[in-house]
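Notes follow once the structure below has been shown.
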Amino acid sequence: MLDGRLLASLRASCYHDAVNCLTKLNGAARHNRSCLCVGLDPEPEKLPAGVAVTDFCREIIGATYDLVCAYKPNIAFFEALGPSGWGVLKDVIEAVPRNIPVILDAKRGDIGNTARAYARAAFDELGADAVTVNPYLGRDSIEPFYEYRDKAVFVLCRTSNPGAADFQSIESDGKPLYQIVADKVEDWNKYGNLGLVAGATQPSELKAIRDAHPALPLLIPGVGAQGGSLELAVKYGSSGGGLAVISVSRQVIYASSGTDYSQAARAAALLLRDEINQYLAA
């Protein structure tokens, strides 16, 4: 467990926010021997009785900070809390030790001036290290985010949900849309701070993305509750030495519904971290 004094010490001794996010991500991965990212998706009805969302997330962080390469709070679960949600999210982000990057799962995508406001909110106000964005509106909707050169931007490419194929697999000039998106992101990556979101539920597509773009960091959701194979996510996502960030939420944070939830979260994260490392070593 991470008490307040130790957390303050870690904050003071670790990287400052100005450190490039991908440098921080790689550093955390090496230090903790981990490619595991824990998603923070708090649903009040699933929390142990009497435990507030802020305390729940802080306890999860305190129990797992030495086992992960990143945390990924999903903004929707905090917005759903109402007027207090923004403050809760900010408190949770501030509870993460500064050597561990925070990837804000916001899936933003809008016209340029709105995108600039979203980028300020994510990076300047909340202090996130990275954000997920939707490329549907094109380059000018993403540029305000990647102009923050010390931050990282993960662009939705081949997502893990069942309906992803409705659009992402449509072909144009012999290529599925998700491959066109990946190619565009590679072209836009002038500052070296762009990555892709590629779901574990479609391993053949994940493999195709990694084969075509060996250097782009991949954020890989869909393992665990969504049914994606952890082994294939690691095998294909890290092929050729590429950075694969394996994101798991419910399997870790809801490992127990009782008062031992933080201990259970640690046990689940440790098991996942070690299983990922076994696949990496294979």
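The values are calculated or read from the model by the stated rules, or taken from the named source; none is laboratory data. This one's a predicted model, so the numbers in the text were calculated from it and none came from an experiment. Counting neighbours? That spans all protein chains shown, and the Cβs are built from the backbone with ideal geometry, glycine included. Quick note on the areas: whole protein, heavy atoms, side chains included, nothing else; ligands and nucleic acids left out. Shrake-Rupley method; radii C 1.70, N 1.55, O 1.52, S 1.80 Å.
To the nearest 500 deg cm²/dmol, what mean residue ellipticity at 222 nm is calculated for the chain from DSSP H runs of n ≥ 4 alone, each contributing -39,500 (n - 2.57), summed and divided by the residues? Intermediate values should be presented prior to the final figure.
Working: 13 runs with 123 residues, N = 282.
The helix contribution divided over the chain gives -12500 deg cm²/dmol.
Of all DSSP-defined beta bridges confined to the chain, some 5% are antiparallel rather than parallel.
Label separation (residue 134 vs residue 281): 4.2 nm, computed from points 7 Å beyond Cα along the C-beta direction.
Under 5 Å between amide hydrogens, built in the peptide plane, is the criterion, and for residue 200 it picks out 222, 223 among residues at least 5 positions away or on other chains. Surface analysis of region 106-197 yields an accessible area of 46 Å² per residue, using protein heavy atoms and a 1.4 Å probe.
Magnitude of the Cβ-charge dipole of region 10-122, K/R +1 and D/E -1, about the Cα centre, nearest 20 debye?
520 debye
Taking amide H atoms as placed 1.01 Å from N in the peptide plane, the amide H of residue 39 lies under 5 Å from those of 72, 248, 249, each 5 or more residues away in sequence or on another chain.
For the pair residue 175 and residue 229, label points projected 7 Å from Cα toward Cβ lie 2.7 nm apart. In region 86-223, the DSSP beta bridges split such that about 10 percent are antiparallel, to the nearest 5. Within region 109-143, name every residue whose backbone N is under 11 Å away from a label modeled 7 Å from Cα of residue 79 along the Cβ vector. Of the residues in region 109-143, 109 have backbone N under 11 Å from the label point off residue 79.
Ligands, DNA and RNA left out, the 1.4 Å accessible surface of the chain is 50% carbon and sulfur atoms.
One compactness figure for region 9-122 is 1.10, namely its Cα radius of gyration divided by 2.2 N^0.38 Å. The candidate values are [x] 17.8, 58; [y] 22.5, 74; [z] 17.5, 51; the one derived from this structure for Rg and Dmax of the Cα atoms in Å carries the label [x]. Its convex hull of Cα atoms gives region 61-104 a direction-averaged projected area, equal to a quarter of the hull surface, of 3.0 nm². Take each peptide in 266-273, 168-175, 105-112, count the other Cβ atoms within 10 Å of every residue, and average; sorted highest first, the result is 266-273, 105-112, 168-175.
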